[in-house]
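Remarks on the structure that follows.
The values are calculated or read from the model by the stated rules, or taken from the named source; none is laboratory data. A quick note: this is a predicted structure, and the numbers were derived from the prediction, not measured. Cβ placement follows ideal geometry from the backbone for every residue including glycine, while neighbour counts extend to all protein chains displayed.
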Amino acid sequence: MINKRLLIKNLLAHNDENSFYDKKRKIDIGFKEGKAKFLKHICALSNSNPKNNSYIVIGVEDEDNKIIGVDFFDDSKIQNLINAYLTNPPIVQYENIPFPHLADDKVVGLVTIRPIDDITSLRKNIWKYYGGSVFFRDGSMSMPKVFDIAIKDVNSKIVSAIENHAQNNIQLTLDGVFDFMNKRKDFNPQYKVFKEYFVLCWSGDKKQVKDEIFYSRVDIELINEQVRIFYSALDEVSIFFDNNSFKIVEYVRLGLQKSYKYYKLEEKTIHFDNNANYSIETNLIFEPPQFNKRDLHHIYNSNNAILEKLEKGLSLADYEIKDLEHLAANYLICYLNGFGDALPKLEYVKPYLKKYSSKLYRSYKETIRILRKVKYS
């Protein structure tokens with residue numbers, strides 16, 4: 001089993017970006033340009049590596065390989081995006097890898113592109129790239145090319161050596177458990193061994209509501225691979241496990257005018273097999289709350305008035321400052337209730353909330369995470 005943290009270190013130490021790996025400070029697939037660039041890199045790496053895995057490391061400075069991290073990205077539907085836009089799509093996996101020196105809410109993203117030994121191309125137009133385009137790696141660049149011969153296998157031995165040097169061992173596993181238990185000691189850290197092989201650690205702020213137990217500030221890591229499976233600073237989560245599986249049910253808090261409820265968003269189950277393999281099954285179980293259209297029109301117009309003031313740099317009244325705390329979530333609710341114009345408003349307000357306060361921006365990112373899951377499904 002590969003220790004993904006060690007794999008990232010080996011990739012960064014091996015060489016600069018090349019035909020089997022790329023590194024990015026960040027990616028943004030919430031917008032068309034970012035989506036198109038991400039698909040271009042996936043296409044190019046897949047075509048340039050017909051016999052071996054290729055990788056994208058996200059959260060690294062290009063100049064000096066400094067690991068700065070990115071937000072936890074838990075979009076299990078990213079394969080849907082790949083399948084929708086690429087012909088002969090490779091299998092792509094996005095994983096969140098914690099590093100000890102990073103803040104709790106930061107990880108390094110690791111994208112693994114599996115070999116398919118076939119030519120991958122864009123299925124349809126996106127941004128400035130045309131359907132039918134084929135990309136390859138030319139050094140550290142992903143470039144469109146015309147091909148007329150079979151692709152040479154030049155990287156398999158190099159990649160195999162890098163992956164072999166990243167194999168997990170008992171010391172790495174034990175160090176990972178102790179690191180997790182010490183770092184999360186304020187949130188009741190626990191661990192469990194599955195199938196005498198997999199070590200899963202989790203922690204959370206526990207609370208009981210009637211007969212049900214919920215956790216907030218939840219952190220879950222598969223220590224063998226040094227992969228963060230789940231992280232959320234705000235949402236409520238319920239956890240269930242037996243000797244063969246570990247299930248997380250994620251809830252989101254939504255509502256209007258001080259009336260809020262928790263709604264089930266997603267169910268994620270990790271299945272552990274006897275052959276030292278595991279699989280993750282993710283199901284979106286979210287049913288958008290429906291509200292009175294008259295109330296929504298009033299809230300939507302109030303949101304727009306606040307946004308207009310933010311654009312013009314005008315001061316907000318006290319009641320508008322309170323409403324600002326729920327502005328992103330209110331736009332989301334309006335969108336889920338049929339207000340199509342609420343979506344571009346939600347995207348447009350991002351820089352204003354980021355500038356206003358870090359707390360508002362964290363709340364905005366949680367709202368976008370919900371939207372991303374709903375849209376891809």
Of these, L110, L102, L86, L81, which one is in contact with a Cys (Cβ under 8 Å, 6 or more places away or on another chain), surrounded by 16 or more Cβ atoms within 10 Å (Cβ to Cβ) and either closer than 18 Å to Y21 by Cα or not assigned by TED's automatic domain parsing to the domain that holds D179 (or both)? L86
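Considering only residues that are polar (S, T, N, Q) and assigned to a loop (DSSP other than H, G, I, E, B), which ones fall in segment 70-93?
Selection gives S76, N88.
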Identify the residue in segment 196-218 that is modelled with pLDDT of 95 or more and not small (G, A, S) and, among all such residues, is surrounded by the most Cβ atoms within 10 Å (Cβ to Cβ). W202
Against the definition (at pLDDT below 90 and aromatic (F, W, Y)), how does Y319 come out, yes or no? no
Output the residue which, of all residues in segment 188-244 that are out of contact with any Lys or Arg (no Cβ under 6 Å at 6 or more places or on another chain) and among the aromatic types (F, W, Y), is farthest from A276 (Cα to Cα). Y231
Of the conditions (1) in a loop (DSSP other than H, G, I, E, B); (2) at pLDDT below 95, F136 fails just one. Which one is it? (1)
Unmet requirement for S363, which otherwise passes all of (1) under 28 Å from the mean Cα position of the chain (by Cα); (2) without any contact (Cβ under 8 Å) to a residue 40 or more places away in the chain: (2)
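If you take just the strands (runs of 3 or more DSSP E) that sit entirely in segment 170-275, which of them hold at least 1 residues that are of a type in the set (A, V, I, L, M) and in contact with an Asp or Glu (Cβ under 6 Å, 6 or more places away or on another chain)?
227-232, 236-241, 245-256, 259-272
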Between a residue in segment 285-308 that is assigned by TED's automatic domain parsing to the domain that holds C334 and closer than 18 Å to E325 by Cα and any residue that is loosely packed, with under 15 Cβ neighbours inside 10 Å and aromatic (F, W, Y), which pairs come within a Cβ distance under 9 Å, given they are 6 or more apart or on different chains? L307/Y348
Output the residues belonging to segment 307-357 that are farther than 22 Å from F286 by Cα and crowded, with 21+ Cβ neighbours inside 10 Å. L324, V349, L353
Pair list, Cβ < 7 Å and 6+ apart or interchain, from segment 17-35 residues that are of a type in the set (S, T, N, Q) to residues that are exposed (fewer than 15 other Cβ atoms within 10 Å of the Cβ) and not in a helix (DSSP H, G or I): N18/G139; N18/S140
Residue that is farthest from I368 (Cα to Cα), among those in segment 250-269 that are in contact with a strand residue (DSSP E or B) (Cβ under 7 Å, 6 or more places away or on another chain) and surrounded by 18 or more Cβ atoms within 10 Å (Cβ to Cβ): K268
